[in-house]
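Enquirer: Submitted below is the structure of interest, expressed as structure tokens.
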Amino acid sequence: QVQLAESGGGLVQAGGSLRLSCVGTGSTVSGYAMGWFRQTPGQEREFVAAISWNNISTRYTSPVQGRFTVSRDKAKNTMYLQMDSLKPEDTAVYYCAAGPTTAFLASGQATDWGQGTQVTVSS
């Protein structure tokens, strides 16, 4: 019942920045935590960041801590991922996700997924 749509991916030089957006629709979206995952070919999908339904708490995976910031505009039903100081190893398809709590998302689980947006960081 929850539909998610990501945008904002692209090509950027190492050290640069990008901002991803995810628009969520559906009657249950406002009560869900939302977050981001990423995946490269041949690798497992990796949790990146999450934010609670009331914007009180956030979670990040260690490799992006201090460089990425997740935020949420409830009025616009939109979640953002601000990515700064990008590194080539950040290159991946980034997926928007939703789930009941940030802990649920951080464990690698989600109830709903977006289609993905490509982020490529060059050296």
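The values are calculated or read from the model by the stated rules, or taken from the named source; none is laboratory data. Just so we're clear, the structure is a prediction, and the values are computed from it rather than from any experiment. Glycine also receives a Cβ, built like all others from the backbone with ideal geometry; neighbour counts cover every protein chain displayed. For accessibility, only protein heavy atoms count, side chains too; no ligands or nucleic acids. Shrake-Rupley method; radii C 1.70, N 1.55, O 1.52, S 1.80 Å.
Enquirer: Select from region 24-42 the residues that are open to solvent by 10 Å² or more (accessible area, probe 1.4 Å) and modelled with pLDDT of 95 or more and list them in ascending order.
Expert: Arg38, Gln39, Thr40
Enquirer: Which count do you get for residues in region 1-33 that are closer than 17 Å to Asn55 by Cα and over 12 Å from the mean Cα position of the chain (by Cα)?
Expert: Qualifying residue count for the region: 6.
Enquirer: Then there is this: What are the pairs with Cβ atoms under 8 angstrom where one residue, in region 71-87, is more than 21 Å from Gly15 (Cα to Cα) and touching a residue at least 40 places away in the same chain (Cβ under 8 Å) and the other, located anywhere, is open to solvent by 10 Å² or more (accessible area, probe 1.4 Å) and among the polar types (S, T, N, Q)? Sequence gap at least six, or different chains.
Expert: Lys74/Ser30; Lys74/Asn55; Asn77/Thr25; Asn77/Ser30; Thr78/Ser21; Met79/Ser21; Met79/Ser71
Enquirer: If a residue has to be β-branched (Val, Ile, Thr) and open to solvent by 50 Å² or more (accessible area, probe 1.4 Å) to count, how many in region 67-94 make the cut?
Expert: 1
Enquirer: Still on this structure, please answer the following. Out of everything in region 8-39 that is polar (S, T, N, Q) and outside any strand (DSSP E or B), what residue ends up being nearest to Val93 (Cα to Cα)?
Expert: Top of the filtered list is Ser17.
Enquirer: Read through the list (1) assigned to a strand (DSSP E or B); (2) farther than 13 Å from Ala50 by Cα, then give the number of the only condition that Thr69 fails.
Expert: Condition (2) is where Thr69 drops out.
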